[in-house]
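Have a look at the structure below before the remarks.
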Amino acid sequence: MKAKYILSSVLFAVFGILFAACDSDRDDNPTLGPGHTANQFVVNPSPVAGQFIQLSKENTVKLTWNQPNYGVNTVVNYKVQVSLDENTWESLETGFTSTSANISGEEIALALCKLDGFKTEEEYVDMGFRKVAMRVIANIQTTTSKEIEGTSITSNTVYFNNMAAYCNIPTKGILYIIGNCCGWPEPSPGNKQTLVDGGWWIEETEIGSNVFKGVAEMPVGDLVFRFYSKLTGWDGGDSYGFQVDDVATDFEFTNGVFKNTIKKGKGSYSFPGFPGGKLDITVDLGKGTVEFVIL
């Protein structure tokens, strides 16, 4: 009986040490199990690999794979990569933690446009249906989303024999200035060149930043305007102003500066008795703020 008590005490002590080690080292120095040397996992061939796939914003491409054996029960992070020649690979933005993924056709098309080297819509050429290679990169990350060194594993490559992209090239966004300053032209595609040539637009500072800056030459008099992110007509739902309702609100500049808010809607900014001249415009759609400065 005495021997059994001694053995139990030893086992309890050992387990206590193991749990303490895991708890203290988990974030910065995790200890993987005996299977952490596994260097491969398998992506399954797609049942639609031989079909003609036209990518679009609406469709997805499904991939499945098995989880690598890291020798420990943990969350594994996966990134999908795309290639046209299996030498240059482009990683897709969305990551996954499951072994099944519906991959955005929009993201695949974006990657293919990058691999083709297209930088503007004018450069784009429809390359038709082509063989596209895909693979998955697995790794384990800390609680601060940092990859743990030595855990990255690359899967086998699978192929889609007939996949076609479309023109999905990221460009800086534009906000068009619509108001009495430019004669209230309808925000329609037919008026795009008139707005561009007249300087009635401001551009995104960086792709995806949602911050727009520019300078417009404003006339003397009562000034009324709002913004449009797309030229889809008066009722296209792409207008931005001070409020939702189609009502102009009067404001004043303080020492040549105006700061306020912006939201989706038709509520125009109105500045009675504007002195005329260049107006430096900053619109932050992410924060919902505007700043107008008379230069």
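Any read-out appearing in this document is the output of simple, stated calculations on the displayed coordinates, not a laboratory observation. Remember, predicted model here, so these are calculated numbers, not experimental data. Ideal geometry is used to build each Cβ from the backbone, glycine not excepted, and the neighbour counts take in all protein chains shown.
I need the shape label for the chain. Rule: rounded when a/c is under 1.5, else prolate if a/b > b/c, else oblate, with a, b, c from the alpha carbon gyration tensor.
Working: a/c = 3.83, a/b = 1.85, b/c = 2.07.
It comes out oblate by the Cα gyration axes.
What shape does region 44-89 have by the C-alpha gyration tensor, where a ≥ b ≥ c are the square roots of the eigenvalues, rounded means a/c under 1.5, and otherwise prolate means a/b greater than b/c and oblate the rest? Show your work: numbers first, answer last.
On the way: a/c = 2.20, a/b = 1.80, b/c = 1.22.
It comes out prolate by the Cα gyration axes.
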Quiz item: Using a simple spin-label model with points 7 Å from Cα along the Cα→Cβ vector, what separation in nm is obtained for residue 278 and residue 123?
Solution: 3.1 nm
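For the chain, what does -39500 (n - 2.57) per DSSP helix run (n ≥ 4), summed and divided by total residues, give at 222 nm, in deg cm²/dmol to the nearest 500?
Numbers: 3 runs with 42 residues, N = 295.
Result for the chain, helices only: -4500 deg cm²/dmol.
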Quiz item: For region 271-286, what does the Karplus curve 6.51 cos²θ - 1.76 cosθ + 1.60, with θ = phi - 60°, yield as ³J(HN,Hα) per residue in whole Hz, taken in order and with x for Gly and Pro?
Solution: 10, x, x, 4, x, x, x, 6, 10, 7, 10, 10, 10, 10, 6, x
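Loop-only check: which chymotrypsin sites (Phe, Trp or Tyr not before Pro) in region 85-147 are DSSP coil with at most 16 other Cβ within 10 angstrom? Mind showing how you got there, number by number?
On the way: sites: 89, 96, 118, 124, 129; in loops: 118, 124, 129.
Of the chymotrypsin sites (Phe, Trp or Tyr not before Pro), the ones in loops of region 85-147 whose Cβ has at most 16 other Cβ atoms within 10 Å are 124, 129.
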Exercise. In whole Hz, with x marking every Gly and Pro, tabulate ³J(HN,Hα) for region 49-55 from phi via Karplus 6.51 cos²θ - 1.76 cosθ + 1.60, θ = phi - 60°.
Key: 4, x, 7, 7, 10, 9, 5
Quiz item: Counting pairs of alpha carbon atoms under 8 Å apart in space and at least six apart in sequence, what relative contact order in percent does the chain give?
Solution: 14 percent
Quiz item: Could you give the angle, 0 to 90 degrees to the nearest 10, between helix 105-116's Cα long axis and the longest principal axis of the Cα atoms of the chain?
Solution: 90 degrees
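How much length would be gained if the chain were fully extended between residue 295 and residue 206, taking 0.36 nm per residue of separation minus their Cα-Cα distance, in nm to one decimal?
Numbers: separation 89, 0.36 × 89 = 32.04 nm, distance 2.33 nm.
Result: 29.7 nm gained on full extension.
How would you order 203-216, 150-163, 102-115 from highest to lowest mean count of nearby Cβ atoms within 10 Å?
On the way: 203-216: 15.1, 150-163: 17.0, 102-115: 20.0.
So the peptides 203-216, 150-163, 102-115, ranked by packing, come out 102-115, 150-163, 203-216.
If a/c stays under 1.5 just call it rounded; otherwise compare a/b with b/c (prolate if a/b is bigger, oblate if not). Do that for region 193-295, with a ≥ b ≥ c from the square roots of the Cα gyration tensor eigenvalues.
On the way: a/c = 1.31, a/b = 1.21, b/c = 1.08.
The shape class here is rounded.
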Practice problem: Quick one: give the max-minus-min coordinate of the C-alpha atoms of region 146-244 along each principal axis, largest first, in Å. | Solution: 66, 36, 27
Quiz item: When the chain is fully extended, how far beyond the present Cα-Cα distance does residue 220 get from residue 263, taking 0.36 nm per residue of separation?
Solution: 12.8 nm
